[in-house]
Structures are given as C-alpha cells and as structure tokens.
Amino acid sequence: MHSRLRGVGEVWLVLVALSCRLAACARRDSARRVPDAAAAEILWLPAQAVLEEDAARPALITNGRSIYVDGSGAVVFSIAIKCDDAIRQISEHFAQTEWRPRSTQYLNPHLATSFSSGCQRHGGGVILLDSNGRPIPPEPYNEWVGEWENGRGDIVSYVVGGTRQQLRGYGSYIPRHVVESGKRKLGR
C-alpha cells in the first residue's frame, strides 16, 4: 500500500511540475505578444475632448487609448459641447474613412443605432426637491449611440451622453475575430 501511494505521489509531482512548466510557457508567450495598436489610430476624438482614465486594465496604453490583449481598444473622454455638435464631429470624421454606419447595435442587434434619431432624451432617476418640498426640474440627460463597420467586419462604437454641454463618451474598437467569437458565443 505504501509503495502504491508513493507511486501516486510521484505521478502527482510530475503532473504538477508539467503544469507549472506549461503555465510558465503560456505566460512567456502571452507576454511576448504585444497587441496591435491599430485601435489607437482608429479611435478618433474631437479636438475639444479631454481624455479620461479607463477603469479596465489594458495591456497597453497608446495616445490615451487602452489596447487589450485581443487587439480591441477603448477610449473614455469628456467634452464640453452640445450632444448634437459632438456626434456631428464624430460622424463627419468617420464619413471620410472606410467605416460605414451600422443600423443596429452589435451587442444589442434588436436596438437601432442613433444615426437617424440623433441625441435622445432619457428620463428617469431621482426627483430632487427644493427647500419648500417642490420638485426641481431635472436637467435632461441626452444619449447617442453610433457604430460603424468596415469591409473586414471590424466594428467601431461610440456612446456619448450627458446633460447640457457636459458630456462623457466611450469609444471602442472591436476587431473582426472578436466580433465573430462573440457572435458564436451568443449563438448568432
């Protein structure tokens, strides 16, 4: 019995050593792979935009754009202009490129993008009361969602929203291989 346990222990030790070796190889290979920085060039911002910090953990940051291991990218920004002016600038930029507007959202294909509707008012939230208990009219929150796709099947998405001329935005670049993988996982 003792020799049988020792044999199991030796096999276990070999498996643990092999697992550690494979893990070390995987770490070295992934550390060697630098994500493609194409997302940093694609994710455009209006001149008035101020870069904000991305809460995610990117593999690389280039020109304020977060680049992830899979080659996707994101940019978070604030901008002090009217929503319609911000989306006009973003839309005009992409109209001069290979990117074509999408009619529906990639992650929510049952929802339309905002190209035909523009910035839309979103209601709800907390109703504040003044010192006399009367409701204070809330500032309208406006939001816009735009997506573009190129001939290769890559997607660029922007969401801009806020009140008055205090907007925040998020742009993302999703390469085709990530788009296809996501569709397979969602059964589409």
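The values are calculated or read from the model by the stated rules, or taken from the named source; none is laboratory data. Please read all numbers here as calculations on a predicted model, not as lab measurements. Every residue, glycine as well, gets a Cβ built from its backbone with ideal geometry; the counts of neighbours run over all protein chains shown. Heavy atoms of the whole protein, side chains included, go into the accessibility calculation; ligands, DNA and RNA do not. Shrake-Rupley method; radii C 1.70, N 1.55, O 1.52, S 1.80 Å.
Label-to-label distance for Asp85 and Asp130 is 2.9 nm, based on points extended 7 Å past Cα in the beta-carbon direction. Counting only other residues whose beta carbon sits under 10 Å from that of Trp148, what net charge do I get with K and R as +1, D and E as -1? Result for the local shell: -2.
Using the Cβ-Cβ distance between Ala95 and Ala59 with R0 = 30 Å, the FRET efficiency computed as 1/(1 + (r/R0)^6) comes to roughly 0.45. Relative contact order of the range 94-188, taken over Cα pairs closer than 8 Å and 6 or more residues apart, is 22 percent. Computed from backbone phi with θ = phi - 60° and the Karplus coefficients 6.51, -1.76 and 1.60, the 3J(HN,Hα) list for the range 50-63 is 10, 5, 10, 7, 7, 6, 7, 10, x, 7, 7, 10, 10, 6 Hz; x is used for glycine and proline. Under 20 Å from a label point set 7 Å out along the Cα-to-Cβ vector of Gln165, the amide N atoms of the range 70-87 belong to 77-87. A Förster radius of 35 Å, combined with the Cβ-Cβ distance separating Ser78 from Lys183, puts the computed FRET efficiency at roughly 0.65. About the centre of its Cα atoms, the range 40-138 shows a dipole size close to 300 debye [charges on the beta carbon of Lys, Arg (+1) and Asp, Glu (-1) only; nearest 20 debye]. For the range 76-188, the share of accessible area belonging to carbon and sulfur comes to 52 percent (1.4 Å probe, ligands and nucleic acids excluded).
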